[in-house]
Structure formats: C-alpha cells, structure tokens
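Everything on this sheet refers to the single structure shown next.
What follows draws every value from the coordinates through simple rules; no lab data is involved. Here the structure is a predicted model, which means the values were calculated and not measured. When we count neighbours, we look across all protein chains shown, and the Cβ atoms used for this are built from the backbone with ideal geometry, even at glycine.
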Amino acid sequence: MRALIAACLLLFGLGAPIGFTQNPDAPAVEVVDARTEAISKTLRCVVCQNQSIYDSNAPLAEDMRRLVRKRVEAGDTDDETREYLRERYGDYVLMSPPLQMNTLLLWGGPLILVLLGGVWFLMRLRSRDAEPIAALSDEDRARIAAALADKDATQ
C-alpha cells in the first residue's frame, strides 16, 4: 500500500505533466482574459439586438466569445480580431459602426431629425405671431357692453 501511495505521489507530485506545462511565449491568462473581455464589449450579438457578446447568454454569443479568445491567444491585435469578426458577420457586429456611405443616415439621422424639428418649431412660432388679431365688430362691442351692464346691475 505504501508503494502505491509513493508511486501516486511521484506521478502527481513531481510537477505538471508534459502536456500541461505553460508555453513561455503564450500571453498570460489574465492579459488574454482582459483583452477578450474588452473586445467582447465592443462586439454586438447578432441574435440579441443591442447587447454585446460579453453581456449576452445566447449560444451564438458564447461561440463568438470563444472565437475572440482564440484570436487573442493566436496573437491577433484587438483591431485584427474585430476586423475578422466584421468580415465574418458584417458591420452589424460592431457596436460602433464605421462612418461609411451606407451608414451616413445612421450617423446623421438623429442630427437631421433634431434640425428639422427645430425648424418646424420656429416656423410654428412665427406663424402664430403673424396671425392678426381680429378687430371687434360693433355688434360684439354692444354685446360686451350689455353683459357688463347686466353684471353691474345685479351687484
């Protein structure tokens, strides 16, 4: 029994097996985790709209996170990893789409709507000020005078 325990201690206690030794060229796990998290927060889940793959629980988002991690471990830069996923899934996968001809309306749309709303508001104010106040006719003046006279008589 002692021999069996000694053999187990020798096998497991002498250090990590050859397949589990860490490659000195491989980046540290903490750095890979931090970069993977940072990149995942800038990529949109194509299943869950307006949610990053970091926040999403969709199976596709998990696959995308694994893919990002593999690219980071392979030595790709953050931009190369984003570009790879953009080529694979399209511009929609980027949380901040690039300014291109096909995204001009996306970037300029809110500004255009605010400007159009401001112009409409100013035109409404000017048209309201431009409406002339109708003058009272003699008939209207007589009715007002009669109503005021009735009020004075009842008091």
Legend entry - J(HN,Hα) series, segment 91-106, from Karplus relation 6.51 cos²θ - 1.76 cosθ + 1.60, nearest Hz, glycine and proline x: 5, 4, 5, 7, 5, 10, x, x, 7, 9, 4, 7, 10, 4, 5, 4
Legend entry - Phi to ³J(HN,Hα) by Karplus 6.51 cos²θ - 1.76 cosθ + 1.60 over segment 78-88, Hz, x for Gly, Pro: 4, 5, 5, 5, 4, 5, 4, 5, 5, 5, 7
Inset, instruction - Find, to one decimal place in angstroms, the Kirkwood hydrodynamic radius of segment 25-93, where the mean of 1/r is taken over every pair of different Cα atoms and then inverted. - result: 11.9
Inset, instruction - Rounded to the nearest 0.05, what FRET efficiency do Ala28 and Arg86 give with R0 = 30 Å and r taken as the Cβ-Cβ distance? Could you check? - result: 0.65
Legend entry - Amide H partners (placed H, <5 Å) of Leu94, local residues excluded: Arg44
Inset, instruction - First measure r as the distance between the Cβ atoms of Glu62 and Thr103, then evaluate 1/(1 + (r/R0)^6) with R0 = 25 Å and state the FRET efficiency to the nearest 0.05. - result: 0.35
Inset, instruction - Starting from the Cα-Cα distance between Asn50 and Leu111, subtract it from 0.36 nm times their residue separation and give me the gain in nm to one decimal. - result: 19.9 nm
Legend entry - Per-residue HN-Hα couplings for segment 39-50 [Karplus 6.51, -1.76, 1.60; θ = phi - 60°; Hz; x = Gly/Pro]: 5, 5, 6, 9, 10, 8, 6, 7, 8, 8, 5, 6
Legend entry - Amide hydrogen neighbours beyond the local backbone of Ser52, cut-off 5 Å, H modeled: Cys45
Legend entry - Inter-label distance for Arg124 and Leu136, nm, one decimal - labels placed 7 Å from Cα along Cα-to-Cβ: 3.1
